[in-house]
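Peer 1: First the structure, which I've put down as structure tokens, then a few questions once you've had a look.
The values are calculated or read from the model by the stated rules, or taken from the named source; none is laboratory data. The structure presented is a predicted model; accordingly, all values stated were derived computationally and were not measured. All Cβ positions, glycine included, derive from the backbone under ideal geometry; neighbour counts span all protein chains shown. Heads up: the accessible areas ignore ligands, DNA and RNA and are worked out on the full protein's heavy atoms, side chains in. Shrake-Rupley method; radii C 1.70, N 1.55, O 1.52, S 1.80 Å.
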Amino acid sequence: MYRIVTRRMIVPNLHEFTVEAPQVTAAARPGNFIILRPDETGERVPLTVADWDPAAGTVTTVFLQVGASTAKLARLRPGDTIPTFAGPLGKDADIGKFGTVLCIGGCYGIGSIYPVARALHEAGNKVVALLEGRSRYLLYWQDKFREVSDRVIELTRDGSAGYKGHITRLPEILSLEKIRPDRVIANGCTFLMMRASNVTRPLGIKTIVNMNPIMIDGTGMCGVCRLTVAGKTKFACVDGPDFDGHEVDWEEFLARRKTYNPEEVQPLRKSGCASHY
Ligand SMILES: Cc1cc2nc3c(=O)[nH]c(=O)nc-3n(C[C@H](O)[C@H](O)[C@H](O)COP(=O)(O)OP(=O)(O)OC[C@H]3O[C@@H](n4cnc5c(N)ncnc54)[C@H](O)[C@@H]3O)c2cc1C
Ligand code: FES
């Protein structure tokens, strides 16, 4: 069993979740994910490692409460235990010496891109972090990013912090900031990653996205996480989850993500939490 050290809501619906799992800590690398189960009967939930502390043997993730399993996680308290915390899984993020790297994080992706930004900074890159959200109250970890970035830019849809608008403003923001990234990396919701890829394609900037399909085993056996990249079938759990955003078949990806929507709503209906579906 794995003991919960911290579970706290950092912004509405987003939880910082730290678990004692020394076996994961020892091998964790930026870009990896873990698969946990909130209880013995729960489904398997993939979450990206957002930080880890080798001395304490703890791993931190940031999760968005969206459905039944993440609702169970959101009810856990420090000292509680969970039966499964498997990992690290997935390929390591590509941490090279690229020059200037723009790290875009939105929603849980602010947490999940943090170790990537830190590693790129340690590798000698100029790191620019762009934290995106609907409003300023949905942004977090700015101080952590300031420690590992040369510049932290905020982008909110209501303009309450930083630039106002969507990620589609990126070309204009880059021009205003006088930044010409050699690489862009985007983590977070599918639309953020897809739109970031769409605007960087005409600029010719390589863009890496951290794909988040439905997963079951996380080890390349079940095929559920398949997606098409550069016309070839890939499994996000073993071939990714990082891929070139200009090569992902986004239309197919979005369609596959909806496959289990009716089933996902059932447990929420039973608990009276599905009024917004
Ligand atoms: C490699 C990988 C890394 C991930 N890392 C994180 C992370 O660090 N933090 C985090 O919050 N989430 C992450 N996710 C997504 C997370 O696994 C899902 O949000 C979670 O499994 C949903 O479980 P649920 O039972 O609460 O919701 P479900 O009942 O499964 O789904 C409820 C609603 O959420 C939508 N949904 C389902 N899966 C996803 C998904 N993958 N992404 C977004 N919406 C989804 C469904 O379409 C449905 O509308 C990651 C996914 C993958 C594959
Ligand atoms: S989750 Fe089963 S093959 Fe990737």
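Peer 1: Quick one: net charge of Gly162's neighbours, Cβ under 12 Å, K/R +1, D/E -1?
Peer 2: Numbers: positive: Arg136, Arg151, Arg157, Lys164, Arg169; negative: Glu132, Glu154, Asp158, Glu177.
Counting the neighbours of Gly162, the net charge comes to +1.
Peer 1: Related question: Among DSSP bridges having both ends in the chain, what percentage is antiparallel? Round to the nearest 5.
Peer 2: 60 percent
Peer 1: Please get the size of the charge dipole for the chain, origin at its Cα centre, with Cβ charges of +1 on Lys and Arg and -1 on Asp and Glu, quoted in debye to the nearest 20.
Peer 2: 480 debye
Peer 1: Considering only DSSP states other than H, G, I, E and B, which trypsin sites (Lys or Arg not before Pro) in the stretch 12-102 qualify as loop sites with at most 12 other Cβ atoms within 10 Å? Walk me through the numbers on the way to the answer.
Peer 2: Details: sites: Arg44, Lys72, Arg75, Lys91, Lys97; in loops: Arg44, Arg75, Lys91, Lys97.
Of the trypsin sites (Lys or Arg not before Pro), the ones in loops of the stretch 12-102 whose Cβ has at most 12 other Cβ atoms within 10 Å are Arg75, Lys97.
Peer 1: Gain in length, Arg146 to Lys258, computed as 0.36 nm per residue apart minus the alpha-carbon separation, to one decimal in nm?
Peer 2: Numbers: separation 112, 0.36 × 112 = 40.32 nm, distance 3.63 nm.
In short, 36.7 nm is gained.
Peer 1: On to the next question. Which angle between 0 and 90 degrees, to the nearest 10, do you get for helix 190-200 versus the longest principal axis of the chain when only C-alpha atoms count?
Peer 2: 20 degrees
Peer 1: Note the per residue figure in Å³ for the convex hull of the C-alpha positions in the stretch 35-187. Could you put the intermediate results ahead of the total?
Peer 2: Numbers: hull volume 19.8 nm³, N = 153.
Measuring per residue, one finds 129 Å³ for the Cα hull of the stretch 35-187.
Peer 1: On to the next question. What percent do you get for the relative contact order of the chain when only Cα pairs under 8 Å and 6+ apart count?
Peer 2: Result for the chain is 15 percent.
Peer 1: Using the Karplus equation 6.51 cos²θ - 1.76 cosθ + 1.60 (θ = phi - 60°), what ³J(HN,Hα) coupling, rounded to whole Hz, does each residue of the stretch 94-100 give in order, writing x for Gly and Pro?
Peer 2: 6, 10, x, 9, 9, x, 9
Peer 1: Let me ask something else about it. Once Lys and Arg get +1 and Asp and Glu get -1 on their Cβ, which of Pro181, Leu227, Leu47 lies farthest toward the positive end of the dipole of the chain?
Peer 2: Of the candidates, Pro181 comes out farthest on the positive side.
Peer 1: Under the rule of -39500 (n - 2.57) per DSSP H run of 4 or more residues, summed and divided by the residues of the chain, what mean residue ellipticity at 222 nm is obtained, to the nearest 500 deg cm²/dmol?
Peer 2: After summing the helix terms and dividing by the residues of the chain, the value is -7500 deg cm²/dmol.
Peer 1: Positive end of the dipole of the chain, charges at C-beta (+1 Lys, Arg; -1 Asp, Glu), about the Cα centre: which of Gly165, Leu73, Ile214 has its Cα farthest in that direction?
Peer 2: The residue sitting most towards the positive pole is Gly165.
Peer 1: Restricting to the stretch 97-240, what percent of DSSP beta bridges are antiparallel, rounded to 5?
Peer 2: Working: 4 of 28 bridges.
In the stretch 97-240, DSSP labels about 15 percent of beta bridges as antiparallel.
Peer 1: Considering only protein heavy atoms and a probe of 1.4 Å, how much of the accessible area of the stretch 116-240 is carbon and sulfur, as a whole percent?
Peer 2: 50 percent
Peer 1: Sticking with this structure for a sec: Step through the residues of the stretch 11-18 one at a time and calculate ³J(HN,Hα) from phi using the Karplus curve (6.51 cos²θ - 1.76 cosθ + 1.60, θ = phi - 60°), rounding each to whole Hz and writing x for Gly and Pro.
Peer 2: 9, x, 6, 10, 10, 8, 9, 10
Peer 1: Place a point 7 Å from the Cα of Cys222 along the Cα-to-Cβ direction; which residues of the stretch 37-80 have their backbone N under 14 Å from it?
Peer 2: In the stretch 37-80, the label zone of Cys222 (backbone N under 14 Å from the point 7 Å along Cα→Cβ) covers 37-38, 41-47, 69.
Peer 1: Can you pull the percent of the stretch 1-62's accessible area that's carbon plus sulfur, 1.4 Å probe, other chains left in place?
Peer 2: Numbers: 1250 of 2540 Å².
Carbon and sulfur together cover 49 percent of it.
Peer 1: With every protein chain left in place, what is the accessible area of Met1 in Å² (1.4 Å probe, nearest 10)?
Peer 2: The value for Met1 is about 140 Å².
Peer 1: Same structure again: Mind checking the per residue accessible area of the chain for me, 1.4 Å probe, whole number of Å²?
Peer 2: For the chain, the solvent-accessible area averages 45 Å² per residue.
Peer 1: Are any of the pairs Lys91/Lys144; Lys144/Lys178; Lys72/Lys234; Lys126/Lys232; Lys144/Lys234 more than 28 Å apart by Cα-Cα distance, and if so, which?
Peer 2: Cα-Cα > 28 Å for Lys72/Lys234; Lys126/Lys232; Lys144/Lys234; rest within.
Peer 1: A further question follows. For His246, His121, what's the largest-to-smallest order of accessible area, 1.4 Å probe?
Peer 2: His121, His246
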